[in-house]
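Enquirer: Right, I'll just put the structure down here and ask away after.
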Amino acid sequence: MNIAVFASHNGSDLQAIIDGCKGFMNTSVLAVISNNRDAFALERARKHNINSYHISEKILPDPNDINNEIMRILEINKIDVIFLAGYLKKLGQPIIQKYKGRIFNIHPALLPKFGGKGMYGINVHKAVIEAGEIYSGITVHRVDEEYDNGEIVAQTKVDVLNNDTADSLADRILEKEHTFLVEILSDIINGKIKLE
Ligand code: GRF
């Protein structure tokens, strides 16, 4: 299984996927794409000799050119599955259509709650704490045209503790994402999560 990971910042989820792939045969991250030239995710990719690409509207102002370039990269790397792991841009329609059912997003809360436009990063955890939730969690879902909207394929809960701040909750959830992502890889490989 050839994987592409899209990430905008640190890429700790990317790292978990890269490391997790070592436990499976014929499974590896072959391309990392970021809209942010300074994303540490790109550095992580380079360290592992994974093809890394910076694609942004600063270089390609026309959205069609961005879509075409992403498609080209996915094709030359013969990508089967895409993970959006902290990628803050929306994928273009042609990419979503071509890889329908094969693009997964990792969201740090229990969708359908606490998702949608603007619900990313620390905003998600602030909203969970403000709402007085007793648990939050992680959702992996297929990507469609709307933010955080596609079919949910897996979820896991994380307790919200009495003394949690948005930061402490974010840290605990992110740590759990790293093991959860390896479970997701396994579920895709063994067919529990089907590729459409
Ligand atoms: C994670 O919280 C993930 O749920 C969200 O973006 C964050 C990525 O963190 N989609 P990192 O850049 O992988 O460390």
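Enquirer: Taking the chain as a Gaussian network, where each spring joins two C-alpha atoms under 10 Å apart, which residue of Asp164, Asp144, Asp13 fluctuates the most?
Expert: The residue that fluctuates most here is Asp164.
Enquirer: So how much slack lies between Asp80 and Lys58, counting 0.36 nm per residue of separation and subtracting their Cα-Cα distance, in nm?
Expert: Extending this stretch completely gives an extra 5.1 nm.
Enquirer: Students often forget the sequence filter, so: which aspartates and glutamates lie under 13 Å Cα-Cα from Lys98 once same-chain residues fewer than 8 apart are removed?
Expert: The qualifying aspartates and glutamates are Glu75, Asp80, Asp144, Glu145, Glu196.
Enquirer: Could you give the length gained on full extension between Asn36 and Asp65, defined as 0.36 nm per residue of separation minus the Cα-Cα distance, in nm?
Expert: Details: separation 29, 0.36 × 29 = 10.44 nm, distance 1.68 nm.
Gain on extension, Asn36 to Asp65, equals 8.8 nm.
Enquirer: Show me the three semi-axes of the equivalent ellipsoid for region 1-99, from the C-alpha gyration tensor (sqrt of 5 times each eigenvalue), largest first, rounded to whole Å. Spell out each step's value before the answer.
Expert: Numbers: eigenvalues 88, 49, 23 Å².
For region 1-99, the semi-axes come out at 21, 16, 11 Å.
Enquirer: Let me ask something additional. Quick one: among Glu151, Glu57, Glu69, which has the greatest mean-square fluctuation in a GNM of the chain with alpha-carbon springs under 10 angstrom?
Expert: Highest fluctuation among the options: Glu57.
Enquirer: Which helices of the chain meet both criteria: a Cα extent of 27 Å or more along the helical axis and a mean Kyte-Doolittle score no lower than -1.0, with helices taken as whole DSSP H segments?
Expert: 166-189
Enquirer: Starting from the Cα coordinates of region 49-180, work out the convex hull volume and express it per residue in Å³.
Expert: 125 Å³
Enquirer: Further question: Under 16 Å Cα to Cα from Lys22, which aspartates and glutamates show up? Leave out anything in the same chain fewer than 8 places away.
Expert: Asp13, Glu183, Asp187
Enquirer: Follow-up. For the pair Ser168 and Ile134, how long in nm is the line joining their label points, each one 7 Å along Cα→Cβ?
Expert: With each label point 7 Å from Cα toward Cβ, the separation is 1.8 nm.
Enquirer: Using Cβ counts within 10 Å as a stand-in for footprinting exposure, how do Met25, Met71 rank, fewest first?
Expert: Lowest count first: Met25, Met71.
Enquirer: Ok, one more. When the helix-only estimate is applied to the chain (DSSP H runs of n ≥ 4, each -39,500 (n - 2.57), divided by the residue count), what is the mean residue ellipticity at 222 nm, nearest 500 deg cm²/dmol?
Expert: That calculation yields -11000 deg cm²/dmol at 222 nm.
Enquirer: At what distance in nm do the modelled label points of Asn190 and Asn2 sit from each other, each positioned 7 Å from its Cα along Cα→Cβ?
Expert: 2.7 nm
Enquirer: With a cut-off of at most 13 other beta carbons within 10 Å, and DSSP calling the residue loop, which chymotrypsin sites (Phe, Trp or Tyr not before Pro) in region 114-192 qualify? Please list them.
Expert: Nothing satisfies the criteria.
Values in this text are rule-based calculations from the coordinates and carry no lab data. Only a predicted model underlies this, so the values are computations on that prediction, with no experimental measurement involved. A quick note on method: Cβ atoms are made from the backbone with ideal geometry, for glycine too, and the neighbour counts reach across all protein chains shown.
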